[in-house]
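Structure first, commentary second.
The values are calculated or read from the model by the stated rules, or taken from the named source; none is laboratory data. Since this is a predicted model, take the numbers as computed values, not measurements. Glycine also receives a Cβ, built like all others from the backbone with ideal geometry; neighbour counts cover every protein chain displayed. What goes into the accessible areas is simple: the full protein's heavy atoms, side chains included, and nothing from ligands, DNA or RNA. Shrake-Rupley method; radii C 1.70, N 1.55, O 1.52, S 1.80 Å.
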Amino acid sequence: RNMELSSIKDAYGRSISGASELVTISGTSGTGKSLLANEFGKFVSSDGGIFLSGKFDQLQQGKPLSALASTFDKYCGILSHEDMASTREEVVFQLRSVLGKE
């Protein structure tokens, strides 16, 4: 999965330069998806970034966005830390600019 890791790192590089990027990792069970995500997470963390990941749970099939919702919940938990105040304010500003003040 070295080629995949390199591709994900390239997408990360573009994203921190201002581009919009979305990366998904898919495959059958046992093919190293979690390992790939964890390796990338270490890379992002060592670069000072925030790495978020989510997994789809077969027991949550009735909730198709459950992985995205749980990932966003984790991000909100990170933003609630005192040392994340400036990032939290930026996220609030960006969300309000897209969604409106209410």
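The lone criterion from (1) more than 22 Å from Met84 (Cα to Cα); (2) open to solvent by 70 Å² or more (accessible area, probe 1.4 Å); (3) assigned to a loop (DSSP other than H, G, I, E, B) left unmet by Ile50 is number (1).
Only a single criterion out of (1) open to solvent by 80 Å² or more (accessible area, probe 1.4 Å); (2) under 14 Å from the mean Cα position of the chain (by Cα); (3) not charged (D, E, K, R) is not satisfied by Leu79, namely (1). Among residues of the stretch 21-37 that are touching a residue at least 12 places away in the same chain (Cβ under 8 Å) and at positive phi, those with a Cβ under 8 angstrom from a residue that is of a type outside the set (Gly, Ala, Ser) and open to solvent by 60 Å² or more (accessible area, probe 1.4 Å), sequence gap 6+ or separate chain, pair up as Gly32/Arg1.
Residues that are open to solvent by 60 Å² or more (accessible area, probe 1.4 Å), out of contact with any Leu (no Cβ under 8 Å at 6 or more places or on another chain) and in a loop (DSSP other than H, G, I, E, B) within the stretch 1-30 comprise Ser17, Gly18, Ser20, Glu21, Leu22, Val23, Thr24, Ser26, Thr28, Ser29, Gly30, listed in sequence order.
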